[in-house]
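Before any comments, here is the structure.
The values are calculated or read from the model by the stated rules, or taken from the named source; none is laboratory data. Please read these numbers as outputs of a predicted model, since none were measured by experiment. Methodologically, a virtual Cβ is constructed for each residue, glycine included, from the backbone with ideal geometry; neighbour enumeration extends over all protein chains shown.
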């Protein structure tokens, strides 16, 4: 921009010199100078008007012609326009690719602007959510009138998902997730999980049916084995050991079936949570007394610390099952010389149960999978269990609105914590 201005100012300076010379001949130098400046100003106003008309409605090929600084301005604006056109074409191609890709997705995809208004959606959203092109600009909560979905949007906790039925059919189960992006923009993705839910239901029913069918013959076998074991002193030593081993394995199978049935009951949507008042201090004391009577070759020391006399509102049997599993799990994997401490205490704003041990601990890579069914860190550690205890604990805590956490350090021990919310606390009993 320096050279055009230098050329323009040089022309003005030369015009002023000529004007002054003419003015001297006419004995009117001031008037001549003002005329030249007025002509110079008129020149710029003329080009300003041309620039305004070009920018407001002129085409790319209609670039005005000019010399000096105005020629440079016209050139730079024209180049900027060409760049913007290329960028616009690129953005249009990217947008088309995005729409093509999202249209091919089997999951319903909806772009929401501020106020949960629909900006765009793909074909799957029309099939799964019943959206139409005329719905663009509408609030999605007015179109999908599901209380769970509306509450999910209002809560704005997008780390979670919500399961709803499709507005088109109650037989279509959807799992909805909202992903925030940009400024006040959100991407709603609804996945059809009907088949997945069906398979989960089939699996649950299969486990429940098989467990029930196995329970009766196993009870008969266990009864005969116990009868034979009671007369082991009348049998040869080899037979006596065999019957004792059979008794141990039938007890283990019985425990596995009981745990599977417990899990099935907890996962059942028809199984309602009891809302009775549970005396947790008394329950923990009873579980502790039962644990101390268990026959173990290398039993660790066990203690109970009750820092609160408050109980819980919930299911007595479910809480007993969860607390028993936590305590027995700690006892199984600790050795003689270790210590297991049970602590019931207030944890503002709620209340918490801690089961701490000084056992071998658990490596960090195993912690995320501990609550999976049948998962065991090392099958050779401890006396062996069903691998369902912590899964039962997780389900019981979820049904009571509690948080279940595990903190462990290899060689230093583990802490299993159950944090119950305020609304679950019962008054001191």
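Below is a table of values for the structure above.
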read-out: Yes/no for residue 86 being surrounded by 13 or more Cβ atoms within 10 Å (Cβ to Cβ) and in a helix (DSSP H, G or I); value: no
read-out: Residue among 363, 391, 398, 322 that is without any contact (Cβ under 8 Å) to a residue 40 or more places away in the chain and either within 21 Å of residue 266 (Cα to Cα) or under 26 Å from the mean Cα position of the chain (by Cα) (or both); value: 398
read-out: Residue among 168, 153, 174, 188 that alone is part of a loop (DSSP other than H, G, I, E, B) and modelled with pLDDT of 85 or more; value: 168
read-out: Enumerated strands (runs of 3 or more DSSP E) restricted to the stretch 260-350, each holding at least 2 residues that are in contact with a helix residue (DSSP H, G or I) (Cβ under 9 Å, 6 or more places away or on another chain) and closer than 22 Å to residue 390 by Cβ; value: 301-306, 311-314, 339-347
read-out: Residue match in the stretch 275-286 (condition: at pLDDT 90 or above and out of contact with any strand residue (DSSP E or B) (no Cβ under 9 Å at 6 or more places or on another chain)); value: yes
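Residues are listed down the side, and each one gets a yes or a no for (1) under 30 Å from residue 55 (Cα atoms); (2) surrounded by fewer than 14 Cβ atoms within 10 Å (Cβ to Cβ):
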site: 81; (1), (2): yes, no
site: 90; (1), (2): yes, yes
site: 93; (1), (2): yes, yes
site: 106; (1), (2): no, yes
site: 111; (1), (2): no, no
site: 128; (1), (2): no, no
site: 131; (1), (2): no, no
site: 137; (1), (2): no, yes
site: 149; (1), (2): no, no
